[in-house]
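The structure under discussion appears below in the form of structure tokens.
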Amino acid sequence: MRLSDGVSQHLDVDPDEISRPVFVVGMELVTGGMELDFHTHRKAQLFFVSRGEVTCEASNALWLVPPQSALWLPGGTNHRLKGRAPLEGLALFVEPDAVATLPGECCAVSVSPLLRELLLRAAALPVLYPLDGPEARLVTVLLDELATAQVEQLRLPMPTDARLRRLVELLTAYPADGATLKDWAKRMGMSERTLNRLLVQETGMSFGRWRQRLHIILALQWLTRGASVQSVAMDLGYESASSFVTMFRKALGTSPARYITRRLDLADAGGGDLR
């Protein structure tokens, strides 16, 4: 992975050591994949994706960051990132006490056109921009806009119990498997009641709700990569594309095609500014 040309001067800088309220790094992955193992930053971080997708494991959850969305990570959050080319985005580092109204926990947020433009402008600022004048006012507006960003339901709670982690691996590898909770409990060598109790205890979700959220995350990944709604529905084990679309619309408020088209249109409109 390499930083985009416009901010290549930031390569040798540790974001946690920059004495400014915000610091922005642009990123571009041209080929291959990206994987950053678990690490933390003193500063809070907003990871914005303009093209492609990123997954992040943090706070006992798996997060998907599709095009034109962002993931907010409070300072000190242990997290792991994975992505694949083509990928473009920005990483915004924020002093923990910069704005009191910024989220106190991990969350996926929608990036409005205004917030996107503010991020792009901030990426072009000098590392040690003046603390008064237009640069400081731009940063203030950026943080205000971030504090009011809409939260998106792109979080998949992840259990820590070893047996449940194995269940997660199998459900992710074979999402079309329509086995019931009773079937899975038998496969995992435990009672149906025990499996359900552990899932609710560690994820806050029933088996049915958790599997549906997993399907949404996988669907967004595949749709972002160009898969058709029909093929996604089949790969997830739905009887028809219409039943999958109904589930998706109830969860995210719009159809899969409209959700992805809107984000790709936004990427086409603004993604080029990252280069």
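The values are calculated or read from the model by the stated rules, or taken from the named source; none is laboratory data. Everything numeric in this text was worked out from a predicted model, so none of it was measured. We place every Cβ from the backbone using ideal geometry, glycine too, and count neighbours over all the protein chains shown. What goes into the accessible areas is simple: the full protein's heavy atoms, side chains included, and nothing from ligands, DNA or RNA. Shrake-Rupley method; radii C 1.70, N 1.55, O 1.52, S 1.80 Å.
The table below gives the values:
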read-out	value
Condition check for Pro96: assigned to a loop (DSSP other than H, G, I, E, B), touching a Gly at 6+ places or on another chain (Cβ under 7 Å) and either at pLDDT below 90 or under 27 Å from Trp72 (Cβ atoms) (or both)	yes
Count of residues meeting criterion [outside any strand (DSSP E or B) and either in contact with a strand residue (DSSP E or B) (Cβ under 6 Å, 6 or more places away or on another chain) or open to solvent by 20 Å² or more (accessible area, probe 1.4 Å) (or both)] in segment 68-84	5
Flag for Arg42 being open to solvent by 20 Å² or more (accessible area, probe 1.4 Å), under 23 Å from Val13 (Cβ atoms), in contact (Cβ under 8 Å) with a residue 12 or more places away in the chain and touching a helix residue (DSSP H, G or I) at 6+ places or on another chain (Cβ under 9 Å)	yes
Matching entry among Leu128, Leu102, Leu90 (being at pLDDT 90 or above and closer than 19 Å to Val65 by Cβ)	Leu90
Residue in segment 101-109 that is surrounded by 14 or more Cβ atoms within 10 Å (Cβ to Cβ), in contact (Cβ under 8 Å) with a residue 12 or more places away in the chain, among the polar types (S, T, N, Q) and part of a loop (DSSP other than H, G, I, E, B) present	no
Segment 149-177 - residue that is open to solvent by 50 Å² or more (accessible area, probe 1.4 Å) and without any contact (Cβ under 8 Å) to a residue 40 or more places away in the chain and, of those, farthest from Phe47 (Cα to Cα)	Arg163
Contacts under 8 angstrom Cβ, first residue in segment 217-246 being at negative phi, partner open to solvent by 30 Å² or more (accessible area, probe 1.4 Å) and part of a loop (DSSP other than H, G, I, E, B), 6 or more apart	Ala233/Ser240; Met234/Ala176; Asp235/Ala176; Asp235/Ala227; Leu236/Ala176; Phe244/Tyr238
Long-range neighbours under 6 Å by Cβ, at least six apart or interchain, first residue closer than 16 Å to Ala162 by Cβ within segment 188-205, second open to solvent by 70 Å² or more (accessible area, probe 1.4 Å) and in a helix (DSSP H, G or I)	Met188/Arg163
Count of segment 115-160 residues which are part of a loop (DSSP other than H, G, I, E, B) and not polar (S, T, N, Q)	14
Which listed residue, of Leu138, Leu120, Leu114, Leu142, is at pLDDT below 95, surrounded by 13 or more Cβ atoms within 10 Å (Cβ to Cβ) and not charged (D, E, K, R)	Leu120
Hits in segment 70-122 (condition: β-branched (Val, Ile, Thr) and more than 13 Å from the chain's Cα centre (by Cα))	Thr77, Val94, Val99, Thr101
Subset of segment 49-66 [in contact with a strand residue (DSSP E or B) (Cβ under 6 Å, 6 or more places away or on another chain), of a type outside the set (Phe, Trp, Tyr) and either open to solvent by 10 Å² or more (accessible area, probe 1.4 Å) or in contact (Cβ under 8 Å) with a residue 40 or more places away in the chain (or both)]	Val49, Ser50, Arg51, Gly52, Thr55, Glu57, Ala58, Ala61, Leu62, Leu64, Val65
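Residues are listed down the side, and each one gets a yes or a no for (1) open to solvent by 10 Å² or more (accessible area, probe 1.4 Å); (2) at negative phi; (3) modelled with pLDDT of 90 or more; (4) not aliphatic (A, V, I, L, M):
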| residue | (1), (2), (3), (4) |
| --- | --- |
| Leu3 | yes, yes, no, no |
| His10 | no, yes, no, yes |
| Ser19 | yes, yes, yes, yes |
| Phe38 | yes, yes, yes, yes |
| Phe47 | yes, yes, yes, yes |
| Pro86 | yes, yes, no, yes |
